[in-house]
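> Here's a structure for you.
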Amino acid sequence: MIELLMSCCIIISFNFATLDSIGRSDLEAVLTAMLETIFSHRSAEPGSASCQETVHIFLDAAKFSEAREGCTGNSMSFEDFRTWCTLLPSVRKFLGSLLMPSDPEQKLAHGHQSIEFNEKIEEIFTKPFCLACGSGSQVPRLLHPENIDSSVLLLREEYAWHIGGALSQLELDDWKLLYHSAVNGLSFNTFLGNISWTSYFHAAYVKCRYLRLSISPYYPHCSFPIECITKCRNDDGPTLLIIKDKEGYIYGGYASQPWQRHADFYGDMKSFLFQLYPQASIFRPTGANSNLQWCAVNFSSESIPNGIGFGGRINHFGMFLSANFDQGHTFSCITFGSPCMSKANQIYPEVIECWGVVPKGAQQERKNGVKGTVLERFKEDRNMLNMVGLANSSQ
């Protein structure tokens with residue numbers, strides 16, 4: 001299979017080097033060989049419906065804008081290929097591991113090309129590729145409770161591989177299911193509680209501790225023992241929010257920062273948006289603004305819509321879910337250079353999932369327990385109270 005994939009890649013590079021274009025069938029052959037190589041452990045037969053469906057969600061992200069004389073359909077120009085690789089960093093990484101030599105002094109594996117062509121290939125496969133090293137073949141391990149049938153999950157291995165292309169090697173080990181609307185219900189409170197113990201349930205606990213109240217009458221959705229809440233500190237980390245709407249479109253966002261209550265945008269440039277179906281793409285921050293993450297909880301002002309989202313601007317987000325979890329929207333936004341990711345701007349979620357990305361070494365850090373002075377921990381508690389808007393209610 002590797003030999004077949006190498007042959008396909010060499011055909012692509014040879015065609016570009018000789019000023020020939022790549023047709024849809026050429027790219028389809030490369031994708032098929034690539035996916036069958038990466039997911040060779042799967043029982044699905046090569047060419048099966050599921051394999052072909054996956055091939056087409058990646059293929060449909062490509063543009064074939066160049067008309068060629070004597071060809072029945074348009075072909076992919078080199079610029080089309082560059083754009084396609086930007087939208088699919090997992091594909092770029094994998095092809096880069098095959099097309100780029102391991103020794104910088106060596107010529108490319110297809111070394112008959114011109115210097116100009118080699119420089120173009122290097123620009124695609126080294127500059128964006130160097131920040132997230134690896135072969136591009138690693139698939140995160142998807143962890144979920146045994147009582148949840150994997151067939152109901154939105155996040156499949158192929159989707160995880162696609163999203164993982166935009167992450168570092170340290171974030172490609174374990175991804176843990178934190179919330180599923182079919183299991184946990186369409187509840188914003190439950191969502192926040194499941195994805196971030198310290199930022200919601202612990203905040204409730206701290207609030208009641210300060211007021212010397214029992215937690216259960218005031219937070220009936222908090223059905224977890226207090227001992228569990230206090231032991232689950234330092235559990236916040238990156239998350240993947242995935243939505244399937246009632247039109248069948250699947251898309252989402254990678255949140256690099258914990259979901260915490262803010263009256264304005266927050267986050268960092270590691271966050272991104274992604275499409276999974278009917279086509280696959282990833283949209284990284286453009287640097288046009290810093291409107292990356294949004295998490296508004298229990299605000300009464302109409303100018304601060306309660307819910308979670310990514311990018312864009314207030315009431316015109318790149319992706320947004322209202323606090324009722326019954327509707328939202330997606331708009332094109334300059335924050336990520338992303339288009340409207342749904343069929344229409346207004347969306348009605350059918351399934352909502354959230355996965356926690358467990359960085360390598362994080363488990364060991366948790367075993368070390370809570371560290372810091374009493375003052376530092378008090379400040380942390382105050383931050384948790386700010387998350388749910390309770391910091392000053394004891395006054």
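The values are calculated or read from the model by the stated rules, or taken from the named source; none is laboratory data. Nothing here was measured: the structure is a model prediction, and the numbers come from that model. Positions of Cβ are generated from backbone atoms using ideal geometry, with glycine treated the same way; all protein chains shown enter the neighbour counts.
> Enumerate the helices (runs of 4 or more DSSP H) found wholly within the stretch 96-209, keeping only those where 2 or more residues are among the aromatic types (Phe, Trp, Tyr), over 15 Å from the mean Cα position of the chain (by Cα) and at pLDDT 70 or above. Steps first, answer last, please.
On the way: elements: 115-125, 157-164, 181-184, 188-195.
Helices (runs of 4 or more DSSP H) meeting the threshold: 188-195.
> Against the definition (crowded, with 20+ Cβ neighbours inside 10 Å and modelled with pLDDT of 95 or more), how does Gln279 come out, yes or no?
For Gln279, the condition - crowded, with 20+ Cβ neighbours inside 10 Å and modelled with pLDDT of 95 or more - is not met.
> Looking at Phe310, Phe325, Phe320, can you tell me which residue is modelled with pLDDT of 95 or more, aromatic (Phe, Trp, Tyr), in contact with a helix residue (DSSP H, G or I) (Cβ under 8 Å, 6 or more places away or on another chain) and within 15 Å of Ile243 (Cα to Cα)?
Phe325
> Evaluate the following for Ala62: is it of a type in the set (A, V, I, L, M, F, W, C) and at pLDDT below 85? It would help to see each step written out before you state the result.
Working: of a type in the set (A, V, I, L, M, F, W, C): yes; at pLDDT below 85: no.
No, not satisfied.
Here's the yes/no breakdown for (1) among the aromatic types (Phe, Trp, Tyr); (2) part of a loop (DSSP other than H, G, I, E, B); (3) modelled with pLDDT of 85 or more:
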{"residue": "Leu4", "(1), (2), (3)": "no, no, no"}
{"residue": "Ser7", "(1), (2), (3)": "no, no, no"}
{"residue": "Leu19", "(1), (2), (3)": "no, yes, no"}
{"residue": "Pro46", "(1), (2), (3)": "no, yes, no"}
{"residue": "Phe58", "(1), (2), (3)": "yes, no, yes"}
{"residue": "Cys71", "(1), (2), (3)": "no, yes, no"}
{"residue": "Phe81", "(1), (2), (3)": "yes, no, yes"}
{"residue": "Cys85", "(1), (2), (3)": "no, no, yes"}
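> Any idea which residue in the stretch 21-41 is modelled with the highest pLDDT, counting only those that are surrounded by fewer than 15 Cβ atoms within 10 Å (Cβ to Cβ) and assigned to a loop (DSSP other than H, G, I, E, B)?
Among residues in the stretch 21-41 that are surrounded by fewer than 15 Cβ atoms within 10 Å (Cβ to Cβ) and assigned to a loop (DSSP other than H, G, I, E, B), the one modelled with the highest pLDDT is Ser40.
> Would you call Pro339 closer than 17 Å to Tyr266 by Cβ, at pLDDT 95 or above and surrounded by fewer than 19 Cβ atoms within 10 Å (Cβ to Cβ)? I'd like the intermediate steps shown before the answer.
Details: closer than 17 Å to Tyr266 by Cβ: no; at pLDDT 95 or above: yes; surrounded by fewer than 19 Cβ atoms within 10 Å (Cβ to Cβ): yes.
For Pro339, the condition - closer than 17 Å to Tyr266 by Cβ, at pLDDT 95 or above and surrounded by fewer than 19 Cβ atoms within 10 Å (Cβ to Cβ) - is not met.
> While we're looking at this one, here's another question. Cβ-Cβ distance below 6 Å, separation of 6 or more or different chains: which pairs start in the stretch 145-164 with a residue that is within 15 Å of Phe94 (Cα to Cα) and end on one that is assigned to a helix (DSSP H, G or I)?
Note: pairs meeting the criteria are Glu158/Thr54; Trp161/Ser90; His162/Ser90.
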